[in-house]
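Engineer: Quick one: the structure is below, and I'll ask about it shortly.
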Amino acid sequence: MPVPTSWHSILFDLDGTLLDTAPDLAFALNAVVREEGLRPLSIDSLKPRISGGAAAMIRLAFGERQDQLEYARLLQRMLAIYRQHISDQTRFFDGMEAVIGEIERRKLGWGIVTNKLGWLTDPLLRALGLYHRTGCIISGDTTQYRKPHPQPVLEACRRLGSEPRNCVYIGDAQRDVEAGRRAGMSTLVALYGYLGADDKPQEWGASALLTEPKDLLTWLDGGTLS
């Protein structure tokens, strides 16, 4: 996809792209794991599952269970603990706060599009002072469909008053690239995020790959990335 000479809006996935939420998510999961008498999982083993949400993390820790009520109990317990500790250790990825500041200095719109449900997204962003700073917040239950459906990113464009062709979406999962491409916007992969060993982001069809957050500014300016 050709790079426009002028950008209007920048959209970010949340977990693994804008914010490093893994420590608090891992804490919540391992609290449940310990309650069930099992050994905690390493944060590195959990990161590739974060994109799939808490349900994917529960499946990794406890396997596929026939008893759906038990599965639901474990999931709800993890989410309850996570909500209580939602911003204890979560921070911007290194360099991302400066990137956001530069985006704002350039008077570009920016927003967040995540599959995380609103009852978790909103308090997290409030705790970090981002709720009123970002131009729009699209959570997993804001629109009828979630990513990889294009509806969430298209709704973000609508709220920011941006045409998709003048918008770029950054994420760390294939579903992010698919959603952005289906919406007709440029897409970037955050390689610094929660990709797994089997992921092949170079095959996802993204416009470029970001090794670190500041690469976004280089790309926006038309520079090449190594």
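Derivation of every value follows stated rules applied to the coordinates shown; laboratory data play no part. Model, not experiment: these values are computed from the prediction. All Cβ positions, even for glycine, are placed from backbone atoms using ideal geometry, and neighbour counts span all protein chains on display.
Engineer: Can you name the condition, by its number, that residue 121 falls short on among (1) surrounded by fewer than 20 Cβ atoms within 10 Å (Cβ to Cβ); (2) touching a residue at least 24 places away in the same chain (Cβ under 8 Å)?
Structural biologist: (1)
Engineer: Go over the candidates 81, 103 one by one and state the one that is surrounded by 16 or more Cβ atoms within 10 Å (Cβ to Cβ) and either out of contact with any helix residue (DSSP H, G or I) (no Cβ under 9 Å at 6 or more places or on another chain) or within 26 Å of residue 191 (Cα to Cα) (or both). Quick ask: steps written out before the conclusion?
Structural biologist: Details: 81 fails: either out of contact with any helix residue (DSSP H, G or I) (no Cβ under 9 Å at 6 or more places or on another chain) or within 26 Å of residue 191 (Cα to Cα) (or both).
Result: 103 is the single residue among 81, 103 that is surrounded by 16 or more Cβ atoms within 10 Å (Cβ to Cβ) and either out of contact with any helix residue (DSSP H, G or I) (no Cβ under 9 Å at 6 or more places or on another chain) or within 26 Å of residue 191 (Cα to Cα) (or both).
Engineer: Being surrounded by fewer than 17 Cβ atoms within 10 Å (Cβ to Cβ), basic (Lys, Arg) and under 28 Å from residue 41 (Cα atoms): is that true of residue 73 here?
Structural biologist: Yes.
Engineer: Okay, next question. Considering segment 194-226 alone, what residues qualify as being of a type in the set (Gly, Ala, Ser) and in contact with a strand residue (DSSP E or B) (Cβ under 8 Å, 6 or more places away or on another chain)?
Structural biologist: Listed by number, the residues that qualify are 205, 206, 207, 208.
Engineer: Right, here's the next one. Just the residues that are in contact with a Pro (Cβ under 7 Å, 6 or more places away or on another chain), within 20 Å of residue 103 (Cα to Cα) and not basic (Lys, Arg), please, taken from segment 161-190.
Structural biologist: 166, 185, 189 - these are the residues of segment 161-190 that are in contact with a Pro (Cβ under 7 Å, 6 or more places away or on another chain), within 20 Å of residue 103 (Cα to Cα) and not basic (Lys, Arg).
Engineer: Another one. Please go through segment 127-141 and give me each residue that is assigned to a loop (DSSP other than H, G, I, E, B) and within 15 Å of the chain's Cα centre (by Cα), ordered by number. Give the derivation first.
Structural biologist: First, pick out the residues of segment 127-141 that are assigned to a loop (DSSP other than H, G, I, E, B): 128-135, 139-141.
Result: 130, 134, 139, 140, 141.
Residues checked against (1) touching a helix residue (DSSP H, G or I) at 6+ places or on another chain (Cβ under 6 Å); (2) free of Cβ contacts under 8 Å to residues at least 12 places away in the same chain; (3) within 18 Å of residue 117 (Cα to Cα):
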{"residue": "134", "(1), (2), (3)": "no, no, yes"}
{"residue": "139", "(1), (2), (3)": "yes, no, yes"}
{"residue": "142", "(1), (2), (3)": "no, no, yes"}
{"residue": "153", "(1), (2), (3)": "yes, no, yes"}
{"residue": "163", "(1), (2), (3)": "no, no, no"}
{"residue": "166", "(1), (2), (3)": "no, no, no"}
{"residue": "171", "(1), (2), (3)": "no, no, yes"}
